[in-house]
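A short reminder: the numbers here are calculations on the coordinates, not readings from a lab. Values in this document were obtained by computation on a predicted structure and should not be read as measured data. Reconstructed Cβ throughout: ideal geometry from the backbone, glycine too, with neighbour counts over all protein chains shown.
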Amino acid sequence: MSDFKDMLVEWRYREVAARSLAGRVCDAAVLPREEQERLIVDAFDRGILSLAERDDAILADVVVRGQRCDTGSAVLLVIEVAPEIGVADVEQALHRTPLWTKLGIPAQPVVAGLTISAEGARLAHARQVMISLLPDLLGPDTLARSSLARTVQTKRE
């Protein structure tokens, strides 16, 4: 049942990601899975990514393209989604984000889900990983209540 919940949260987050990141990323758009795969496979074909890097980068749950609202510069958000975000999810985002950076666009690691563990939150803040919590993601009228979504920018040291 846990795998089903993971898939459901990821699927629902894909639908609301651009709106949940409003204020942090302007002109945000979720890259369709097909485009994610095309970008990664193309980078592999051009020798930018190794086979192992290709296989790992392609597993990113959600990738959002946009512009930083504060600077206007292009950014990719490499998002790991889990119902309950933990240290492993933060580490996964930190591991996969540099692979996407190799495509030539700055990337920001993000974790998203319904809740986050205290340890996961500490690591995210320490490593400047953006946190997107959507506690009502699985509710029946989530899209109508998108104002309940909150995205937290971690502190900059």
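Computed values, structure above
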{"quantity": "Potential lengthening between Ala74 and Cys26 on full extension [0.36 nm per residue; Cα-Cα distance subtracted]", "calculated": "16.3 nm"}
{"quantity": "Separation in nanometres of the label points that stand 7 Å from Cα toward Cβ, at Trp11 and His95", "calculated": "2.6"}
{"quantity": "Among Ala121, Ser50, Val81 the positive-end extreme of the charge dipole of the stretch 2-152 (Cβ point charges)", "calculated": "Ala121"}
{"quantity": "Whole-Hz ³J(HN,Hα) from phi, Karplus 6.51 cos²θ - 1.76 cosθ + 1.60, for the stretch 26-42, glycine and proline x", "calculated": "8, 6, 6, 9, 6, 6, x, 3, 4, 5, 4, 5, 4, 4, 5, 5, 4"}
{"quantity": "Average projected area [Cα convex hull, the stretch 2-152], square nanometres", "calculated": "8.7"}
{"quantity": "Cβ-placed point charges (K, R +1; D, E -1), dipole of the stretch 2-152 about Cα centre in debye, nearest 20", "calculated": "500"}
{"quantity": "Cα gyration tensor shape of the stretch 1-67, rounded if a/c is under 1.5, else prolate or oblate by comparing a/b with b/c", "calculated": "oblate"}
{"quantity": "Rounded, prolate or oblate (a/c below 1.5 giving rounded, otherwise prolate when a/b exceeds b/c) for the stretch 36-95 by Cα gyration tensor", "calculated": "oblate"}
{"quantity": "Fewest-first ranking of Met7, Met130, using other Cβ atoms within 10 Å as the exposure measure", "calculated": "Met7, Met130"}
